[in-house]
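Colleague: I have a structure I would like to understand better, so I am pasting it below and will then ask my questions one at a time.
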Amino acid sequence: MKIMEMKYEGKAKKIFSTDVDDCSVMYFKDDATAFDGKKKGTIEEKGVFNNKIASEIFKYLEAGGIKTHFIERLSDREMAVKELEIIMVEVIVRNVAAGSFSKRMGIEEGTALKQTIVELSYKSDPLGDPMINDDYVFALGLATPEELTFMKEETLKVNKLMSDFFDARGIFLVDFKLEFGRHKGEILLGDEFTPDGCRLWDKKTGEKLDKDRFRRDLGNIEESYRDVMNRVLE
């Protein structure tokens, strides 16, 4: 496989075209951002950790019946993926009050929710990924009712699979976001599943093992990402 030109660069990844039909390469960077890009920095080796974490999780989800864009991990920082037409809707799951939800709702972080919450946001960095609802999705033509229903159902399946996966490794899955894309008539899970896009708390200590350590200047950022990687790979 020959890597060609860069098609896209985001906050944490670069996407390259290849000489293989229907195949792109996703390169994981060490760059870190928070608060809609207002805070920027570097987490040493984050790209390596996240690539290994995401690869293992995609394989686990595929085995659990979730279709993803993952093909294979190529190197420490590179992953081969199927080319997707990204749907500009992020699906967010909240199992426990935390982060922006706690701030927005005035609920103490760590408060148990009476049921899992599914939120939607418009995938737009310049706008700060604003919250939207089903009507926004349909009015803006972002997805059809059938596509959105499927995305929500898949997200809840992922929540069950990943909650069990992390629970077995001594981690509580607090919340996470997913992105989906169209591929040859199907909706596939895309992007990544890493500590960049979810909250993971140690079950015994309550210690945060995710990007909140960067957001909140908690220190031991690299160590936490490495810890998650080691547990995922065990």
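Colleague: When region 95-109 is examined, which residues are found to be charged (D, E, K, R) and in a loop (DSSP other than H, G, I, E, B)?
Modeller: Narrowing region 95-109 to residues charged (D, E, K, R): 103-104, 108-109.
Across region 95-109, the qualifying residues are GLU108, GLU109.
Colleague: Any idea which of GLU108, GLU72 is free of Cβ contacts under 8 Å to residues at least 24 places away in the same chain, touching a helix residue (DSSP H, G or I) at 6+ places or on another chain (Cβ under 9 Å) and within 27 Å of MET229 (Cβ to Cβ)?
Modeller: Details: GLU108 fails: within 27 Å of MET229 (Cβ to Cβ).
One residue alone meets the criteria, GLU72.
Colleague: Right, here's the next one. Consider region 73-107. How many of its residues are surrounded by fewer than 16 Cβ atoms within 10 Å (Cβ to Cβ), under 19 Å from LYS7 (Cα atoms) and either modelled with pLDDT under 95 or over 16 Å from the mean Cα position of the chain (by Cα) (or both)?
Modeller: 1
Colleague: Could you tell me which residue of region 110-154 is surrounded by the fewest Cβ atoms within 10 Å (Cβ to Cβ), considering only residues that are under 17 Å from the mean Cα position of the chain (by Cα) and part of a helix (DSSP H, G or I)?
Modeller: GLU153
Colleague: Are there any pairs with C-beta distances below 8 angstrom linking a residue in region 28-46 that is touching a residue at least 24 places away in the same chain (Cβ under 8 Å) to a residue that is among the polar types (S, T, N, Q), with the two at least 6 apart or on different chains, and if so which?
Modeller: PHE28/ASN50; PHE28/ASN51; ALA32/THR42; LYS39/THR33; GLY41/THR33
Colleague: Further question on the same structure: Considering each of LYS59, LYS52, LYS14, LYS40 in turn, give the residue that is charged (D, E, K, R), in a strand (DSSP E or B) and modelled with pLDDT of 95 or more. Give the derivation first.
Modeller: On the way: LYS59 fails: in a strand (DSSP E or B); LYS52 fails: in a strand (DSSP E or B); LYS40 fails: modelled with pLDDT of 95 or more.
Of LYS59, LYS52, LYS14, LYS40, the one residue that is charged (D, E, K, R), in a strand (DSSP E or B) and modelled with pLDDT of 95 or more is LYS14.
The values are calculated or read from the model by the stated rules, or taken from the named source; none is laboratory data. Bear in mind the structure is a predicted one, so any value in this text is a computation, not a measurement. Here the Cβ is made from the backbone with ideal geometry for all residues, glycine too, and neighbour counts use every protein chain on show.
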